[in-house]
Every structure is written in structure tokens, then in C-alpha cells.
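Input: a single structure, listed below in C-alpha cells.
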């Protein structure tokens, strides 16, 4: 029994160490050439602008501020995810990692958390700009707003990373990714948008915590499930 | 002589049962006190909903089985049951919309049950599109199995949405809350839909199998193709 426990602990340690290495690699690539981050950020800015132009009154803009931030982040995430795997597909880099050998769940955790980090930072930069543009002063705590941005980003990144691993190996990946990802993340988007709106606007029924819990539950479901499925997807479908 | 296929017997039985169940739904079942005759749509809307969830659950089981065993037959089963599930969900949404207009006075409401059902449909349509874009049979099987398992997360959300959130859509009925005359007709229609789904899945599985075998078959010698 002790032997099994030691084996599990040693596997988890190795998984954590490899995940951190993959995460550092992705973040280092981004740090040296932050083209993806800047591209995604300006794409999200442009989307917020478009939503503001499409809204007819300031009152409507205020009420849809939370939803607009998440629409911006969701659409921006598809660009970010697409690019994160485009680099891996060049010269068989992903295949090289699998053969090294890095455990596929470690590649998943590293890449997904890197994607979540980029999305979270985009959200942190985008939100004050959106609040100023939509003339909204948050009624709830900024910590709670940050929690929605963090857990919303991680909840989008987990299934997004797995689905990008799939679509990057298929024809027409830029169309396929939104087609597969958007319906799947509707519950996540709904929880993030509703919760963020409740932090920005008066939350008379104190419902924001329930939406935050829902987001955490989506994370608990999607992270292990996507990590498990990532192995067969990157190992090329052979048994 | 063509060999007899068991699913054809199921199909004949399903269509006969469907005809009888529809006759009962339209002529012998009582009208509802408040909604009157329009309630008869529920005798097809509710079975379509049940069978849609059952077929997506079968696709999930097939996908999990494929990833564990790698048996090609399970991949064909995922393709067949996903496609039948998409047909059933489209039917479910169309019939629900027809029922909503006279009862709710709208064709569509953005409330949790309807929204989650629409997103479930779109996510499984996405899997069918994914299958059509991947040429390599091994990769296609693995990708669609992974996407099916991930999309299945939406199925319990659809089922429990009426209990987790305040919705316009009513919560699940039980024999205790439905008139006994209606319960029997509803069950007859549900079994008719179930046998139709089995028939369609079996037929679709055979087509997927033939396509799969043709894909992996060695090329014909030049003297045959010339």
C-alpha cells in the first residue's frame, strides 16, 4: 500500500515538474516576442469598441458591460489558442515533446495554464478600459471581479486547449475551433458574464458568489477531463 | 439472396408501434384542462427529448469505450448515435417551439433549458463537422471520441437545468403528476421513438462500417481500375 502511495506521489511530482517546465517554455516564448499577447489584446480592444458602437444608449452599455468583456475575451481566446498551437505544429515541436518524453497531461497543464495566464492578463488590462468606456463604477469588490476574471480565464483555457490540439491537426482549423468551442463554453460564458455583471451592477439578491462557485465547478470538471483526453489526441490516434 | 438484417424487423415493429401510439396520442388520449388539444404535441416532444439524451449518452459510452479498447466498431457507433441524436434534438427543439407559441406566446425564450438544449445540439453538430474534416481514420476516431466526451458535459446540464435555475420550462413530470391515461400514451410513444432510434443507429452503423472498410481497404490492382 505504501509502495503504491509512493508511486502516485512520485508520478504527481514528476507531472508537476514537467508542467512547470512546459508553462515556463510557453511564457518565455511569449516574453521574448509578445506578438501573440499584443495581437490578442488589441483584438479584444477592437471588439469592445465595436460593442460600444453597436449600443444605442449609455444605460444599455452599462448593463451589458460584463457580457461585453467576456465576449471580447472569448473571441480573443480563439486567436490566442490558435497561435499557441500553430507554433507547436512547426517542425513537429509537439511530437518532439511527446517523444522526449514529456507526459501528455503535463504538456496539457503547462500549455493550458499558459493560455489561461495570457487570457487573464488580457482581461486585467481590458477591464478598466471597458469600464471607463461603458461608464461603469464597480459596486462589488475588485477582488471578486479579479476572481471572476481568473476562474473564467482558466475555465475557457482548459477545454479550449484540448479542442485546439484537435483542430490544429484538422483542415479548416480557424473555423472548426469556434464551432466546437463556443457551444461547449456557453455555460462557462454565462456564469462569467452574469457574475461579472453582478459585481459591476447592484447585486441586490447577493447572487454573484453562486456564479463564482459555478465557474469553479466548471474548472473542476474541465481540467482533469481535458488532461485525460489530451494524451490520445496528441499521440496521433494509434493504439 | 440478400441476408436478413435484424434492424429491419426492429424498424417494421417501430413504425407499427409509432402508428398505434400516434393514433392514441391524437384520438384516444384526453385533452388537457387548460391547454386543451395543443397538449398532444407533448406526446412527441417529450419522447424526442428522452431519446435525444439517451442517444448522446450512448455516443459518450461508445467514445469512452473506443478510447479504452481502440475497437473501430465503437467509432462507427459514435458516428451513428451522434447523428441520430442530432436528428432527435432538432425534432425536440422544433416541436418544443411549436408548443411554445400557443402556450407561452413566443417561439423561443432565452431561458436555461432551451439555451442549454440549443448549445448541446450545436456542440454535437460540431463533432459531425469535425469528422467530415479529418481524412485519417485513426485521427478522426480519436478526435471525435475526445470531443464527444467533452461535449457530453452539456447533457447533464440540459437535464438538470430546470432544477438548478428558475426557468419558464416546467420541471420533469412523473407518473404521479400526469393523468394515467396520458402516462400510457406517453410511454407507448417513448418506446416507439426508442425503437426508431435503435433502427436508425443500426442502419447508420452499417453505412459507417462500409465507409470505414472502404477507406482502409488496399487499392485495387491497375488491371481492375483501368
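Only one of the numbered conditions (1) facing another protein chain (nearest Cβ under 8 Å); (2) modelled with pLDDT under 95 is violated by residue B:183, and that is (1).
For region B:30-54, the candidate set comprises residues that are part of a loop (DSSP other than H, G, I, E, B) and under 15 Å from residue B:99 (Cβ atoms); within that set, the residue that is farthest from the chain's Cα centre (by Cα) is B:34. For region B:153-166, the candidate set comprises residues that are part of a helix (DSSP H, G or I) and free of Cβ contacts under 8 Å to residues at least 40 places away in the same chain; within that set, the residue that is nearest to the other protein chains (Cβ to nearest Cβ) is B:154.
Filtering region B:132-152 to residues that are crowded, with 20+ Cβ neighbours inside 10 Å, more than 7 Å from chain A (Cβ to nearest Cβ) and part of a helix (DSSP H, G or I) leaves B:140, B:144, B:145, B:148.
Out of A:202, A:224, I need the residue that is more than 11 Å from chain B (Cβ to nearest Cβ) and either under 30 Å from residue B:141 (Cα atoms) or at pLDDT 95 or above (or both). Which one? Spell out how you get there, then give the answer.
Details: A:202 fails: either under 30 Å from residue B:141 (Cα atoms) or at pLDDT 95 or above (or both).
From the options A:202, A:224, the qualifying one is A:224.
Screening A:153, A:197 for residues that are more than 11 Å from chain B (Cβ to nearest Cβ), closer than 26 Å to residue B:117 by Cβ and surrounded by 19 or more Cβ atoms within 10 Å (Cβ to Cβ) leaves exactly one candidate, A:197.
Counting the residues of region B:91-125 that are within 16 Å of residue B:155 (Cβ to Cβ) and either touching a strand residue (DSSP E or B) at 6+ places or on another chain (Cβ under 8 Å) or away from every other protein chain (no Cβ under 14 Å) (or both) gives 1. Those residues that are surrounded by 13 or more Cβ atoms within 10 Å (Cβ to Cβ) and modelled with pLDDT of 90 or more, I need them from region B:21-34; list them, please. B:21, B:22, B:23, B:24, B:25 - these are the residues of region B:21-34 that are surrounded by 13 or more Cβ atoms within 10 Å (Cβ to Cβ) and modelled with pLDDT of 90 or more. Within region A:164-184, the set of residues being more than 7 Å from chain B (Cβ to nearest Cβ) and within 19 Å of residue A:115 (Cα to Cα) comprises A:164, A:165, A:167, A:168, A:173, A:174, A:177, A:178, A:181, A:182. Screening the candidates A:163, A:145, A:176 for the property of being crowded, with 19+ Cβ neighbours inside 10 Å and within 21 Å of residue A:214 (Cα to Cα) yields one hit, A:145. When each of B:61, B:68 is tested for being within 10 Å of another protein chain (Cβ to nearest Cβ), part of a helix (DSSP H, G or I) and closer than 23 Å to residue B:202 by Cβ, the lone residue that passes is B:68.
Any residue at all in region A:76-91 that's in contact (Cβ under 8 Å) with a residue 60 or more places away in the chain and under 23 Å from residue A:194 (Cβ atoms)?
Step one: filter region A:76-91 for residues in contact (Cβ under 8 Å) with a residue 60 or more places away in the chain, giving A:77-78, A:81-82, A:84-86, A:88-89.
Remaining after also requiring under 23 Å from residue A:194 (Cβ atoms): A:77-78.
Looking through region A:76-91, at least one residue is in contact (Cβ under 8 Å) with a residue 60 or more places away in the chain and under 23 Å from residue A:194 (Cβ atoms).
Being touching a helix residue (DSSP H, G or I) at 6+ places or on another chain (Cβ under 8 Å), under 27 Å from residue A:61 (Cα atoms), touching a residue at least 12 places away in the same chain (Cβ under 8 Å) and outside any loop (DSSP other than H, G, I, E, B) holds for only one residue in A:113, A:108, A:120, and it is A:120.
Could you please let me know if residue B:69 is within 30 Å of residue B:140 (Cβ to Cβ) and surrounded by fewer than 21 Cβ atoms within 10 Å (Cβ to Cβ)? Step through it out loud before you land on a result.
Values: within 30 Å of residue B:140 (Cβ to Cβ): yes; surrounded by fewer than 21 Cβ atoms within 10 Å (Cβ to Cβ): yes.
So residue B:69 passes the test.
The values are calculated or read from the model by the stated rules, or taken from the named source; none is laboratory data. Note that the coordinates shown come from a computational prediction; the quantities given were computed from them, not determined experimentally. Positions of Cβ are generated from backbone atoms using ideal geometry, with glycine treated the same way; all protein chains shown enter the neighbour counts.
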